[in-house]
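Values in this text are rule-based calculations from the coordinates and carry no lab data. This structure is a prediction, so every number in the text was calculated from the model and none was measured. Glycine also receives a Cβ, built like all others from the backbone with ideal geometry; neighbour counts cover every protein chain displayed.
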């Protein structure tokens, strides 16, 4: 028996001997993500100290032969921490990969289908994580989460009206007439971010005479995206990073990724935030006395003033209108989990937010379902879907020419007026103005209701895998569909609707917009690894996008009884606007990575679009970049404080379409006493108009010390916009007042500095700190048409001026010392610089974090003050500190400047704000361990706020304002906006 | 096996989407008719729409035009709490001057040239293609006569604003605009254009190939419209101080020396239809400072007792103050927001007849002035019949008869009497003319 055993052993040894002699041991295993249980494919596996290596396949399986055991294997993969594992036996291993937490190891997008480890990126791509987006305090809208958190953006709210309305500009003004707002892409779906006017102009007459300028103050549709659903945002700030998105990318691209489920235990998350919002700043009352009232308002008013004063019924109407505390409630419930094959994330969020004006507010319910499924080991399918329903009551504010908006009316409303309704609810007419602001507030409704579906799907297919190369196919499709209803109701009982006051006897404006965008794309990605660590990644693909929007606006005047249906009216008018665009293109890119030392990329996007003069001409957008990681060359020894030292440079081009309709010279349809007619639109189009082309060169360095605890990044960029599309003035005697032309060149140069540090990191106490600095200057470097004024309300009141050699955003006006062009320069809308500070302090169970934002410099055209001056109601009307002679009060002084100098209307709009504050307490686990069988994982309580501290010296509600909405460069015009507000919220969050 | 099949399916998808991506559709203007669409195939329906557009654009920014003339001519003040420039710039408050890039000149100026362009395009369409299948020669001639008359009138309104600064007359080629002509040259050109239009109208047969609005009632055929053309020419001749020609033109115009026919003439119409314009010269009597026209007080105090033309103003229940100006009366020339505004009417023709006769036949001038006086409830003129006195009287009657119709400022300017207009606030100025808009690049 024993004999037999020995023989058998010898036999086995004999059989094995050749293996041992020729090589040896075959080690097998699988690479998976420790957090998700998901496979991590294409991991580099190298036997330490040798050139012997391989890569795990699409399923994470690897197999490597080693000469002898024991040995050490090094596993490395982009975005994960590199692991060295001592192997003593040849039993199969599962290598658990940990996603790198340090920012340097995040991945950033570089291709349409691929990403790269941040340490290897050649662009300054900013990213925000979920905790930065909504972890501190839930932002009112998604774009509101971008304030102050990274360098290179100018984020500005158009007004404080509930439901959003923000402008985001990346690296300065990228266009004058065209789009300046970044392209938003959520899980691969192109998102519409339009602002669609509700047709209030029929009442406000703000753009009297059919001017195209939109002063309706609509919200922008990015507001429909629920910040709670977002896992990560990446911001491609200019063409050098965004060239892969081609002809729509000149204003930058914001790439949003939503949360995904993880394999394992199902996690439930419930959170409730409750609080209130209140106005940031009121203008305040003028210091009235009998003499002042008599001088400014006449003898009758003085009598009324004294009477009201004696009866103690002087009313601060501004406070009456804007003094409300609006309640806020945000409820969120989410659930995620799944198996290795199928994972899910689903969530529902309900926001109910009142505004600071009675009757205004915002409600939104959003649902999300994200699914990831692996039907076989070589296919991965993903679905991202969301539905949102929102309703915003935005009130009636901003500029008008009819004295009807609440804001304009308030400028002429004095405290002795009696405007409250009587017992029967009947509002008295305002003797001092065209409208009674209390009645307007209580009876006018201006509502936007949105129903929106966004659905995106992806499929990743592993077509081919071999030892040194693999080929992957990626298919993507996305659909963004929404219906927007706008309803503006002005009942006939309103003072300014009464025919005896020249009113239209009631107005109902109903708008209906259907928007459908879809995009499809397909890519092939090929990876090729050579023996000496030279990796090639090739990708090629095609894209197609389709945009279809149809807006119908019905306005009815002369309403019947209390009907608001548009057919129950004496007169109705219909306006339809259609927008159709088809784009298609291709994309190729080659990346070469030499041992993470040198990473070079070249790429080309070709695009055609129905929005170009020649729809089937391809426009090409190239890109190229290189990053050199000096730290990888072994100049420093292992114990050096240097963790990273990277030099990088990137170049890219991107396009910006002409504004829709700019290709055509057309008539519009009107009538004269029932006789139909067509009259020219005053803007001459151009069939041969070309897209704007942005060329951006950026270079910079990323340096890290002490194991990435101190990171510094500096970037300098030059971006030139060629073929600048201008709506240049045309001699009005041509019959047109302006024309669209490619007629100039605009250059932006700027610097972005970012410092991140973790000064303290102990078990009990962690302190994170981030500072960013951003400065941009623009210049019109070439102008082929005569210089022209644009935006705002003319030179008397301060206007923008496009002039060769000057900043694109300069503000000029008439003045005592005009330059050669006849105007005096009074300012520039561009800030001198912007800084953001953020910090997080974690002490045991307490977590305190905040974000400050400082905008230094940049001027506004403030006409709110002028309107109060003209009505004698300015809070500083009698203060004497403006008049150089020290004679007259500020009010009369400013009025006296009207027509001779615009200087007093151009005001510094600097501010320093505490944008966000969050203070949270994690209740220790032992407190709730015994509840519900111990199934509660975490309970968090907290307080947070938005805009809690606002420091500015600006003579209106808020320096952050735009009467003309988000687009163009002409933001910062202030005409009685909806005032900005701050938010206070209390939080409870439970994970179980 | 399964792997292969699936792979094939995906490759198929890939190819399909690649093929799909190739072609992009080209769209025309989805929302509006394009100009070029009329160059090859002008139909009768098209012409009707295009002429309708001319009638529309003639009225755009008319309110601003009348306010420019009415405010500078000190007929009334225009209050606008959201736009202070009506009471600052137009009245020359303190240092304020008329700006060359502000709405009060740029908007009406551009609107008139818009109409001129609408007209020029139609003339281009007619001349640039064979339209004989659609229209007779008579119809073409009638159309040209009508359009040229409108064009001349529109140019005249702009010239009224810029006066000696002049206007461009030849603007048919938008890429090669004609020069600015001074006041006298521009008036001659306008008169020549009117004469050309008159010749076209004379050869224009009995009817237009389009219909006009009710404001042209009685003048809706080429023959009758010729009388309106002559009336406008009479006004132009008066501005030229060519008084014999004024009388000649009036002879062929619709002038009727009949006090019951003062409102005979051609009019702009307005309606509350959404695509139409409301009468911009109407404000309710009790309007607030948001938008009001308050009568300059001298209009009331200077009036002869019993002058019924004071019915063009209405006393407010309370006075209205804005920008240190206070008045008790509102302009009430039009009593609703859909009243028609005259382009030219018989009362003006009678006054032109009187004016021209001051230099030709003073007794006929007095007779005409008396006709106007009597119609306003006043007794016959009892002053002397010296030229100077008659001019005073004629200007006085024009001031009241044509109140708020855009004549007063032009009249005092013609007779070099701008310095006689009242100054309401210390430091105010009376301007003589508007600057040429900045964007004309002059």
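Going from the alpha-carbon gyration tensor of region A:395-442, what semi-axes, largest first and in whole Å, does one get by taking the root of 5 times each eigenvalue?
In descending order, the three semi-axes are 18, 12, 8 Å.
Need one number: the % of Cα-Cα pairs in region B:76-137 sitting beyond the 14 Å mark.
Result for the distance tail: 70 percent.
Give or take rounding to whole Å, what are the principal axis extents of the alpha carbon atoms in region A:649-761, in descending order?
79, 28, 20
Before anything else, pin down the relative contact order of region B:314-442: Cα pairs under 8 Å, at least 6 apart, normalised by residue count, whole percent.
For region B:314-442, the relative contact order is 17 percent.
In degrees between 0 and 90, to the nearest 10, how far off the longest principal axis of chain A does helix A:299-310 point, with axes built from Cα atoms?
Here the helix axis deviates by roughly 60 degrees.
Indicate, rounded to the nearest 5 percent, the antiparallel portion of the DSSP beta bridges found entirely in region A:169-312.
So the antiparallel bridges in region A:169-312 amount to around 70 percent.
Could you state the orientation-averaged shadow area of the convex hull built on the Cα atoms of region A:558-697, in nm² to one decimal?
The orientation-averaged projected area of the Cα hull of region A:558-697 comes to 17.0 nm².
Across 10 Å bins from the origin, how do the percents of Cα pairs in region B:268-353 run, short distances first?
Over region B:268-353, the share of Cα pairs per 10 Å bin runs 16, 38, 34, 12, 0 percent.
Over region B:42-211, what is the relative contact order in percent, taking alpha-carbon pairs closer than 8 angstrom and at least six residues apart?
In percent, rounded to a whole number, it is 26.
Quick one: which of B:90-103, B:251-264, A:304-317 comes out on top by average Cβ neighbours within 10 Å, and what's the full order, highest first?
Going by the mean number of other Cβ atoms within 10 Å, highest first, we get B:90-103, B:251-264, A:304-317.
Averaged across A:573-580, how many Cβ atoms of other chains sit within 10 Å of each residue's Cβ atom?
3
Taking Rh as the Kirkwood radius computed over C-alpha pairs, what is the Stokes-Einstein D of region A:952-992 at 37 °C in a medium of viscosity 0.692 mPa s, expressed in µm² per second?
252 µm²/s
Roughly how large, in nm² to one decimal, is the mean projection of the convex hull of the alpha-carbon atoms in region A:455-562?
Projected over every direction and averaged, the Cα hull of region A:455-562 covers 11.1 nm².
Can you work out D for region B:19-114 in µm² s⁻¹ from Stokes-Einstein, where Rh is the Kirkwood radius over C-alpha pairs, the temperature is 25 °C and the viscosity is 0.890 mPa s?
Translational D for this selection: 143 µm²/s.
Using all alpha carbons of region B:177-269, what is the percent of pairwise distances in each 10 Å bin, ordered from the shortest bin to the longest?
16, 42, 32, 10, 0
Given the convex hull over the Cα atoms of region A:337-422, what projected area results after averaging over all orientations, in nm²?
10.0 nm²
Tell me the Kirkwood radius of region B:292-331: reciprocal of the mean inverse pair distance over distinct alpha-carbon atoms, in Å.
10.6 Å
Rg (Å, one decimal) plus Dmax (Å, integer) for the alpha carbons of region A:819-903?
Rg then Dmax for region A:819-903, in Å: 20.5, 65.
Percent relative contact order of chain A, based on C-alpha pairs within less than 8 angstrom and at least six residues apart?
After rounding, I find 12 percent.
What whole-number value in cubic angstrom gives the convex hull volume per residue for the C-alpha atoms of region A:793-835?
In region A:793-835, the Cα hull volume divided by residue count equals 84 Å³.
From the C-alpha coordinates alone, can you work out the Kirkwood hydrodynamic radius of chain B, in Å?
24.0 Å is the Kirkwood radius here.
In what order do A:490, A:952 fall by count of nearby beta-carbon atoms within 10 Å, going from fewest to most?
So the residues, fewest neighbours to most, are A:952, A:490.
Calculate, axis by axis, the spread of Cα positions in region A:305-356 along the three principal axes, and write the results as whole Å, longest axis first.
79, 11, 8
With labels modelled as points extended 7 Å from the Cα through the Cβ direction, what inter-label distance (nm, one decimal) is found for residue A:580 paired with residue A:485?
Simple spin-label model gives 2.7 nm for this pair.
Return an integer: the convex hull volume of the alpha-carbon atoms of region B:198-246, in Å³ per residue.
It comes to 80 Å³ per residue, whole-number rounded.
For region B:159-226 and region A:660-681, what is the separation of their Cα centres, given in Å?
22 Å
Angle check, please: helix A:2-22 long axis (alpha carbons) against the longest principal axis of chain A (alpha carbons), in degrees 0 to 90, nearest 10.
60 degrees
If you take the Cα atoms of region B:42-211, find Rg, then find the Kirkwood Rh from the mean of 1/r over all pairs, what is Rg/Rh?
My calculation of the ratio gives 1.05.
Quick one: Debye curve from the C-alpha atoms of chain A, no solvent, what's log10 I(q)/I(0) at q = 0.05 Å⁻¹?
-0.35
Once both labels are modelled 7 Å past Cα along the beta-carbon direction, what's the residue A:88-residue A:781 spacing in nm?
Calculated label separation equals 6.5 nm.
Could you let me know the centre-to-centre spacing of region B:385-404 and region A:856-921, using Cα atoms, in angstrom?
The distance from the Cα centre of region B:385-404 to that of region A:856-921 comes to 49 Å.
With just the Cα atoms of region A:266-412, tell me how far they stretch along each of the three principal axes, in Å, largest first.
Rounded to whole Å, the extents work out to 88, 31, 19 Å.
Binning at 5 angstrom from zero up to the longest distance, how are the C-alpha pair distances of region B:193-340 distributed in percent?
Result, from short to long distances: 2, 8, 12, 14, 13, 15, 14, 10, 7, 4, 1, 0 percent.
Report, to the nearest 10°, how far helix B:183-202 tilts away from the longest principal axis of the Cα atoms in chain B, using its own Cα long axis and a range of 0 to 90°.
Tilt of helix B:183-202: around 70 degrees.
Taking a temperature of 4 °C and a viscosity of 1.567 mPa s, what whole-number D in µm²/s does Stokes-Einstein yield for region B:286-442 with Rh from Kirkwood over alpha carbon pairs?
The Stokes-Einstein estimate is 74 µm²/s.
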